[in-house]
1. With respect to Val98, is the statement that it is touching a helix residue (DSSP H, G or I) at 6+ places or on another chain (Cβ under 8 Å), part of a helix (DSSP H, G or I) and surrounded by 17 or more Cβ atoms within 10 Å (Cβ to Cβ) true?
2. If I go through region 36-61 residue by residue, how many of them are of a type in the set (A, V, I, L, M, F, W, C), closer than 16 Å to Ala89 by Cα and not in a loop (DSSP other than H, G, I, E, B)?
3. Conditions first: (1) buried (at least 21 other Cβ atoms within 10 Å of the Cβ); (2) at positive phi; (3) not polar (S, T, N, Q). Gly45 passes all but one, so which condition is the exception?
4. When only residues in region 145-154 that are modelled with pLDDT of 75 or more and of a type in the set (A, V, I, L, M) count, which is surrounded by the most Cβ atoms within 10 Å (Cβ to Cβ)?
5. Tell me, please, whether a residue that is surrounded by 12 or more Cβ atoms within 10 Å (Cβ to Cβ), assigned to a helix (DSSP H, G or I) and among the charged types (D, E, K, R) can be found in region 130-144.
6. Scanning for something of a type in the set (Gly, Ala, Ser) and in a strand (DSSP E or B), does region 108-116 turn up at least one residue?
7. Would you mind finding the one in Ala83, Ala127 that is out of contact with any Phe, Trp or Tyr (no Cβ under 6 Å at 6 or more places or on another chain), aliphatic (A, V, I, L, M) and part of a helix (DSSP H, G or I)?
8. Go through (1) touching a strand residue (DSSP E or B) at 6+ places or on another chain (Cβ under 6 Å); (2) surrounded by fewer than 19 Cβ atoms within 10 Å (Cβ to Cβ); (3) not polar (S, T, N, Q) one by one and return the number of the condition Phe80 breaks.
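The values are calculated or read from the model by the stated rules, or taken from the named source; none is laboratory data. Bear in mind that the values here come from a model prediction, so they are computed numbers and not experimental data. Note: ideal-geometry Cβ built from the backbone for every residue, glycine included; neighbour counts use all protein chains shown.
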Amino acid sequence: MSGKKPKPPPVERADFAGSTVVLFDGICGMCNATVQFLLKRDRRGALGYASLQSDVAHEVLARHGRDASDLDTVYVITGFDTAQEQVFARSNAVLRMVAALGGVYRAIMVLRVVPAFVRDFFYDRIANNRYRMFGKREACMVPSPEHRARFLAV
């Protein structure tokens, strides 16, 4: 035995068809902390992830007339790679990703009663200051081997 751990199988994009996928800024400290929060609580594996810097994010967002180079925006894609695919941005994306955890987290959807422009006002204040408040990494995060299968791309 060589002592090397076997390499995990490659993640296939088809494995995520119909899933809910979070597109996040891979170099943002707050975004990475949010992904870690979600991974820890998503026991059902309801969410997949890809960084906004990835080819996957650029392709999907271009399909919907969005710009992946806008790193101030988090996106949630529901029905990924299907005819029912939808894109949610900013505060709507945050509500969707947290609600996808299920259980008590679904209660966050009560915030839909707050108009999106109000929610997005607060979202934008945080997004515009997130590097200063939470730091910026030199490169996108590398998922742990146990979570690698949850990432389309980093």
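1. Judged against the criteria, Val98 is a match.
2. 5
3. Unmet for Gly45, out of (1) buried (at least 21 other Cβ atoms within 10 Å of the Cβ); (2) at positive phi; (3) not polar (S, T, N, Q): (1).
4. The residue in question is Leu152.
5. yes
6. no
7. Being out of contact with any Phe, Trp or Tyr (no Cβ under 6 Å at 6 or more places or on another chain), aliphatic (A, V, I, L, M) and part of a helix (DSSP H, G or I) holds for just one of Ala83, Ala127, which is Ala127.
8. (2)
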